[in-house]
Amino acid sequence: MIDELPGHRCEMVRIVSHRMPGENARDVVALEFAWDDSTVLTIDVNADWTLCLSRTRWVEPFPGATAAERELFPDLGIWEVDDAPVGPASIVGRTVTAAEPMFNEVGEFSGITILFEGVSVRAFSFGGDLQVELGRQYGVRSRLRGGNASLARADDPSTGGRRRRGLTRRR
């Protein structure tokens, strides 16, 4: 599936996040791309913390749960879909130039880097959660958390100007 990505033009990006009732903190649980040939790529994390790639759209696990049921069973949480995420919206209309799998220390598939024209998306499992980073030219990288992006530059004093494996980490 990864080898088939180059040449596809992105038509839409969706970020699926989850939060608990009464909380504002959201965790990204899935990233979904729609391509120009009407196919879909959904990225999420399996129960064993490996990355899952799927050709189907993300489906809410409890779609019929009412607000009252969510009150009774707060562990269900609330899923939210952002059809126009701020950072990834810059990918729409761009064509995939390359895609590379990432593997953890025991050789399991744990991430993917998708390169577009001038932009990259890195999605990977970290501690059982999906992490998504948007990379741009000139060393700017943003990490998406709950659909919100925070930018950090390689020369940002908060990072000490350090870069690890080509990524800038905000401290």
Tally up the residues in the stretch 31-45 that are loosely packed, with under 15 Cβ neighbours inside 10 Å and touching a Cys at 6+ places or on another chain (Cβ under 9 Å), please. 1
Taking into account only those residues within the stretch 46-85 that are in contact with a Gly (Cβ under 6 Å, 6 or more places away or on another chain) and open to solvent by 30 Å² or more (accessible area, probe 1.4 Å), which is nearest to residue 14 (Cα to Cα)? 82
Would the stretch 126-134 turn up any residue that is open to solvent by 70 Å² or more (accessible area, probe 1.4 Å), out of contact with any Lys or Arg (no Cβ under 9 Å at 6 or more places or on another chain) and either over 22 Å from residue 3 (Cβ atoms) or part of a loop (DSSP other than H, G, I, E, B) (or both)? yes
Matching option when the condition is more than 19 Å from residue 6 (Cβ to Cβ) and modelled with pLDDT under 50, among 170, 143: 170
If I filter the stretch 11-30 for residues that are under 20 Å from residue 117 (Cα atoms), touching a Pro at 6+ places or on another chain (Cβ under 9 Å) and surrounded by 14 or more Cβ atoms within 10 Å (Cβ to Cβ), do I get at least one hit? yes
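The values are calculated or read from the model by the stated rules, or taken from the named source; none is laboratory data. Note that this is a predicted model, so its numbers are computed, not measured. Backbone-built Cβ (ideal geometry, glycine too); neighbour counts: all protein chains shown. For accessibility, only protein heavy atoms count, side chains too; no ligands or nucleic acids. Shrake-Rupley method; radii C 1.70, N 1.55, O 1.52, S 1.80 Å.
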